[in-house]
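The block underneath contains the structure these notes are about, expressed in structure tokens.
Derivation of every value follows stated rules applied to the coordinates shown; laboratory data play no part. What you see is a predicted model, and the numbers here were worked out from it, not measured in a lab. We place every Cβ from the backbone using ideal geometry, glycine too, and count neighbours over all the protein chains shown.
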Amino acid sequence: MGFIKKFERVILADMIFSLIVLIMAFMGWHSENIFMLIAIVQIILVDYLVIVIVYPLQIFSKNLDSFNEMDFEKEEMGIPTSGIPFEKQVYRLVNQYAACKTRKNNAQILNKQTELTALQSQINPHFLYNTLECIRGQALIDGNMEIAKMVEALSAFFRYSISRKGNLVTLRDELANIENYMLIQRYRFNNRFSMEVVIDEEDEEAFDFLIPRLIIQPVVENAIFHGLEEKLEGGKVTIDIIVTDKNTIELISQEVNIDYIEKPKSIYFQLERAKSAACANNVRAGNAGSMNDDIRNAYDETYLSGKGVIVAVIDTGIDILSEEFRKSDGSTRILNIYDQTQQTEYSEEDINAYLNKAIVNKDNTYNGKSIQIPGSDNTQHGTNVAIIACGRSGVAYEADIIAVKMGYSYNNQFPRTTSLMDAIDYVIRKAVEYEKPVAINISYGFNYGDHDGNTLLERYINDVAAGYKCSICIGSGNEADKAVHYGNIIKQGQTDTVEISVSEYEHSIDIQIWKYYWDVYRIMLAGPDGVQFNITGQGYINRFRILDTDIISLLGEPSPYNLYQEIYINLRPSKDYITPGIWKIIIYGESIRQGVYNIWLPSSQSLNTATGFVKPVPYDTITIPATATGCISVGAYNSYTGAYASFSGRGKGVWNKDISYIDAGIKPDILAPGVDIKIRKQTAYETDIVSVTGTSYAVPFVTGGAALLMQWGIVMGNDRYMYGEKLKAYLRRGARPLGIEMHAAAPNPVTGYGRICIADSMPV
């Protein structure tokens with residue numbers, strides 16, 4: 001029993017006895033009897049206190065006195081306990097001290113053993129050296145000078161290798177050791193090998209430079225073993241010594257077989273001056289006189305042209321007849337065209353063959369026969385994008401060009417995601433083949449997915465962006481002012497009713513509800529007639545009909561790469577069109593932990609203008625794949641007014657007070673001109689000026705700008721790693737605020753980090 005409990009029992013017993021005495025006195029007992037009883041009980045209590053309190057204290061006191069006589073040679077002293085308060089704590093401290101002292105003693109012993117071992121290891125080499133010296137001496141006595149020299153060289157080689165003078169030696173000592181090694185090898189292989197050290201007279205100071213011990217000898221050994229040993233005629237090992245500065249590390253990092261070198265920080269500091277002098281402050285296009293106003297405003301300060309960099313445009317094709325994509329001699333600047341619609345690839349030679357025909361008429365005929373123009377662009381969308389990014393009047397006006405004409409899905413409306421992946425793969429393979437960096441332009445997006453970077457397409461883009469020297473620029477889409485998104489947060493027991501207006505003559509609508517898998521909702525769909533059907537709780541696939549509309553719903557599951565759950569609803573006509581009117585999605589929170597959900601309709605291009613959410617949310621409207629973290633997502637602004645373009649897709653925003661867009665990451669990354677862009681189009685037949693609007697035409701400003709930065713960094717040798725996330729970081733840093741500040745300070749989900757400015761993005 002613990003000391004405190006024993007003491008408590010004594011106090012309790014005394015209190016009970018006092019109460020009994022009071023009762024006895026109240027009942028009329030004689031005082032003599034009461035006093036006798038009190039005396040007896042008190043004697044018993046005193047004896048008990050002596051046994052359970054005083055005696056343990058005496059033991060504890062003796063134990064404390066014995067501490068002075070202990071050697072503390074054991075980690076656990078094994079001191080008996082007496083049960084008094086704080087005794088265990090005191091003994092625990094004593095044991096900790098004993099353990100600490102024991103470990104210290106053991107460390108001292110180990111150190112002595114180490115010293116002894118080191119002494120022994122020194123004795124053994126001395127024995128070896130003495131033995132070798134005896135052999136050498138006997139060889140000298142016998143007049144065998146070759147054996148004497150070989151033994152002397154072997155002894156010196158061993159002495160150098162086993163020496164304990166430190167890891168750093170002079171270059172002179174390292175070369176002397178290699179001479180001894182080569183002497184041994186020459187005796188071994190009958191003088192088939194020789195060695196020469198080449199150094200200029202002005203570089204002889206290098207002999208006194210410190211280098212790691214045995215850093216050169218293994219290289220020489222490998223040269224003999226792998227290069228010279230099997231050659232009957234022998235060979236020669238040459239060591240060139242060149243004194244240079246630290247910039248040699250930078251030169252080595254430029255080798256094509258070296259992907260990345262983490263250079264010492266001092267190297268970076270020494271390179272700053274060179275960076276400042278290499279077109280870092282001024283990046284004006286030498287062809288600025290032919291640039292349209294929008295491009296000139298964005299890139300009014302450069303001396304870069306994109307030369308040595310590939311700009312790849314993945315779009316609707318390209319007009320090879322346009323003067324924008326010709327060299328001064330009339331030949332094409334297009335390296336390759338990949339036409340997915342025909343599964344055909346055209347080389348630069350193929351394209352020039354078409355251009356070199358005597359007559360190419362506007363109706364695509366030659367000598368009265370119809371011809372297939374490579375990458376023909378019926379919509380001119382891809383051509384307009386390419387003109388801005390890399391046309392002669394565009395941004396990177398001397399860049400090489402690769403164009404991919406996208407294939408389309410079965411309904412001939414939108415490309416498949418696999419087509420886009422195939423296009424990116426083609427571009428990267430070609431860039432690797434040409435050994436050039438590449439800036440990829442994608443002016444294409446859709447709404448199918450959770451918009452959080454979890455689709456396979458987005459993950460593929462992230463992997464590509466982290467690999468070869470490339471930057472992938474993608475438009476944020478034009479959905480912000482369209483009624484295609486709704487989002488909210490509800491709590492357990494709450495209900496949210498979402499209204500969707502379906503216009504007449506709507507053929508089909510896909511509705512996606514994305515939520516966290518661990519949140520449980522009861523979701524119902526109500527038609528314009530008020531009839532409701534349960535979407536959840538009836539199995540994974542539900543089929544039912546409301547008026548003239550067939551409904552199929554699918555309750556999805558999380559995937560190995562996605563925490564979200566999709567609830568998919570498809571509305572299709574049972575006759576000609578979906579029943580028009582107000583459709584409702586009723587969402588009730590049954591078991592809620594976070595309560596965040598989002599609903600997307602297809603992109604506005606595939607819907608009638610009157611179809612959409614009655615109360616849309618403009619945030620989370622960046623189209624996929626611009627939501628991929630590895631790409632540079634580009635929004636649009638009006639370069640004439642300095643205002644943000646209302647249609648430009650927005651990232652995750654504060655549409656609910658419980659959500660912070662900072663926590664979700666910032667998209668878009670940057671803004672570029674995207675309103676009323678004037679494009680000069682010139683062919684052999686005509687010159688025309690067209691005006692275009694949309695994030696599709698903002699992206700090529702950034703793509704061309706990325707090509708300029710890659711030219712400065714990779715091609716010109718100022719920064720070999722100017723691509724991917726690094727390039728994005730520089731663009732973000734150099735971004736400028738809009739002329740008319742209508743939103744929160746950058747970064748924010750509307751304007752990103754601001755409008756692009758290449759001059760300010762240069763790393764100086």
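Below is a table of values for the structure above.
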item	result
Total formal charge among the other residues, if their Cβ is under 12 angstrom from that of Thr344, Lys/Arg +1 and Asp/Glu -1	-2
Percentage relative contact order, region 518-587, counting C-alpha pairs under 8 Å, at least six apart	34 percent
Relative exposure of Asp377, Asp315, judged by other C-beta atoms within 10 Å (fewest first)	Asp377, Asp315
Out-of-range pairs (alpha-carbon distance over 25 Å; input Lys482/Lys515; Lys491/Lys584; Lys430/Lys667; Lys491/Lys615; Lys327/Lys678)	Lys430/Lys667
Residues with amide H under 5 Å from that of Arg755, placed H, sequence gap 5 or more	Leu671, Arg736, Leu738
Sorted by Cβ density within 10 Å, fewest first, the residues Ser419, Ser393	Ser419, Ser393
Ranked by how many other beta carbons lie within 10 Å on average, peptides 500-510, 470-480, 217-227 from highest	470-480, 500-510, 217-227
Order of Asp329, Asp422 under a 10 Å beta carbon neighbour criterion, fewest first	Asp329, Asp422
Cut-off under 5 Å, modelled amide H: who pairs with Val404 long-range	Val313, Ile314, Asp315, Tyr338
With eigenvalues of the C-alpha gyration tensor scaled by 5 and rooted, region 485-617, Å	24, 15, 15
Net charge contributed by nearby residues that have their C-beta within less than 11 Å of Ile239 (K/R +1, D/E -1)	-3
HN-Hα J in Hz across region 380-394 - Karplus 6.51, -1.76, 1.60, θ = phi - 60°, x for Gly and Pro	6, 5, x, 5, 5, 4, 5, 4, 5, 6, 8, x, 4, 9, x
Most to least packed among 599-609, 571-581 [average Cβ atoms within 10 Å]	599-609, 571-581
